[in-house]
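What follows draws every value from the coordinates through simple rules; no lab data is involved. Given the structure is predicted, the values throughout are model-derived calculations rather than measurements. With ideal geometry, Cβ positions are generated from the backbone for all residues, glycine too; neighbour counts draw on all protein chains shown.
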Amino acid sequence: MSSMTKHHKEEKRFSLKDQLFNEVKVTYLASQIESVYPSFPKELFIEETMERFPELELKQRIYHIAQMLKKSLPQDYRKAVKIILAALPPELDPTKTDNDFGDFILAPFSEFIVQNGCSKKHFKTSTEALGEITKRFSAEDAIRYFINAFSQETYEVMKQLVMSENYHQRRLASEGSRPSLPWSQKIHWSLQDIIAILDFLYTDPTRYVTRSVANNLNDISKIEADLVLKTLQRWKKSKKQSSSEMDFIIKHSLRTLLKNGNVKALAMLGYSQAKHIALKNFQCSKAVRVGEDLHFSFDLKTKEKHLGKLRLEYAIYYRKANGKNQPKVFKIKEGNFQNTSESFSKKQSFQLTSTRKLYTGKHFLTLIINGKEEIKKEFSLLPPS
C-alpha cells in the first residue's frame, strides 16, 4: 500500500470522540457560558481543554472538560450551577417523540454536577439541575451516582420525574434506572423498585420513553426472566397502552430472551415448537478466509397449509482465544410464512472489525427455528490470503 493511499484511508477513518468533542464544540460550550458569565476565561478554557484532547478517549474528554469548568467557574458550587443552567441552550423540541438525544458537548455539565455536587448538602440543587440538563442532553449516567449515594432520596426524585410533562425527564427515570446502562456504573436498587418506576412509564405516549422502558426490561431479563415475563403479561392485561405500542414493548423487552431461545418468551409472541417443519438441503462452505464471506443456503418445507409463524435465525459459534467456541445469534426472518416451502441463501462476513477479534480454526454454523437449534455444520476459518 502506498503512503498516499494509507494516508487517505487514515483521513477517512471515523472517530466518534473527535466528532462529538472537538474544538468547534468546545468553543460553542465556552461561548454559551461567556454569554451569561462575561468574566469566563473563554480563550484560556478552550486552549487548556484542547491541549489534552489527543491523549484522551471519549469519556475521558467529558471528565476533562468538567474539570476545566471547575477551574474556570466560581468556586461557590451554587453560583457555578446557576451559571451552567443559564448557559443551557433551549429545551429540545417538545413536539418530537423519539430520537432526540441532544448534543454530547453538554454532557460535561452533568459530569460537573457529579464531581462537585453529589453530596447531602447539594442534593436538591444537583438533582434539580440534572432535571434541567436532561431536557437538552440526557443525564442518565450522572443520576446513577446519586442513586448509589442517596438511594431513597433519589428514588423520590425519580417518582417525581415520571409525572413530568417533559418526556425527556420521564425517560431519565427509566434510562437512569437501567440495571446495565452502557458505559455506566451499576446501581444498587432492587429489581422490584425499578419495576415500580416502569409501572408509571409503560403507558407513555412517546416512543423515546417506551423504548427506554423496554431496554430496562431487557436488562432485567438477563437477571430475572420470569419477573419480566410476568410484568409484561400484567401490562398487556391492563390495556392501558395501545396494542401496537404494547406489542413493540414486549418484542423489544424480550429480544435477549428470544435470542437465547427462552420458551416462555417465544410463546408470548406466538412462536411454538416447529415440529411440522422439515429443513432440507442445508449447504455451507467448508472453509472461509478471514476477510471473506461464509455462504450457506437451505430450504424449509411443510406438509401443512403453510409454514406458519416462525422466527428464523442462525448462530455462528466463533472460536475464542482459549480454543472454545461461543455463539452469536443473527436473525434471518420472522413472522407468518404463508407458503408451504421457502428457500434461503445467506452470507456472513468474516471481515476484521474493531468489535470482534477473529481466531482461525474450527467454527460452527447452526440454524435456529423458533428458538431451537435444528442443525449444525462445522467449517474452518483460515488465515487471510
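See the values below:
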quantity	calculated
Segment Leu227-Phe344, length gained on full extension (0.36 nm per residue, minus Cα span)	38.5 nm
Longest exposed-site-free window of the chain, the sites being GluC sites (Glu not before Pro) in a DSSP loop that have at most 16 other C-beta atoms within 10 Å	305-385
Taking the C-alpha atoms of segment 73-267, convex hull volume expressed per residue in Å³	113 Å³
Per-residue Cβ neighbour rank within 10 angstrom, fewest leading, Trp189, Trp183	Trp183, Trp189
Under the Debye formula (equal points on every Cα, no solvent term), log10 I(q)/I(0) of segment 278-382 at q = 0.14 Å⁻¹	-0.57
Amide H within-cut-off set for Ile332, under 5 Å, with H built and near neighbours excluded	Leu312, Glu313, Tyr314
Segment 14-172: C-alpha pair distances exceeding 27 Å, %	22 percent
Using alpha-carbon coordinates, inclination of helix 77-87 to the longest axis of the chain, degrees	70 degrees
Cα-Cα over 20 Å, subset of Lys275/Lys309; Lys275/Lys372; Lys328/Lys357; Lys301/Lys362	Lys301/Lys362
P(r) histogram, all alpha-carbon pairs of segment 295-335 included - 5 Å bins from 0, percent	6, 16, 20, 20, 13, 11, 8, 4, 2, 0
Net charge contributed by nearby residues that have their C-beta within less than 13 Å of Ser72 (K/R +1, D/E -1)	0
Per-selection Kirkwood Rh - segment 77-137 (Cα, Å, 1 d.p.)	12.1 Å
Cα long-axis angle, helix 207-221 against the chain (0 to 90 degrees, to the nearest 10)	70 degrees
Selected from Asn215, Asn262, Asn325 as most flexible by GNM, with the chain as the system and alpha-carbon contacts under 10 Å	Asn325
Under the Karplus curve 6.51 cos²θ - 1.76 cosθ + 1.60, θ = phi - 60°, whole-Hz ³J(HN,Hα) for segment 47-59, x wherever Gly or Pro sits	4, 6, 5, 5, 4, 9, 3, x, 9, 10, 7, 4, 5
Segment Gln273-Glu374, length gained on full extension (0.36 nm per residue, minus Cα span)	35.3 nm
For a label point 7 Å along the Cα-to-beta-carbon line of His295, residues of segment 330-358 with backbone N under 12 Å	345-348
0 to 90° range, to nearest 10: angle between helix 140-149 axis and the chain longest Cα axis	70 degrees
Ser385 paired with Glu34, simple spin-label distance in nm, labels 7 Å along Cα-to-beta-carbon	5.8 nm
Rg/Rg_ref, the chain, where Rg_ref = 2.2 N^0.38 Å and atoms are Cα	1.20
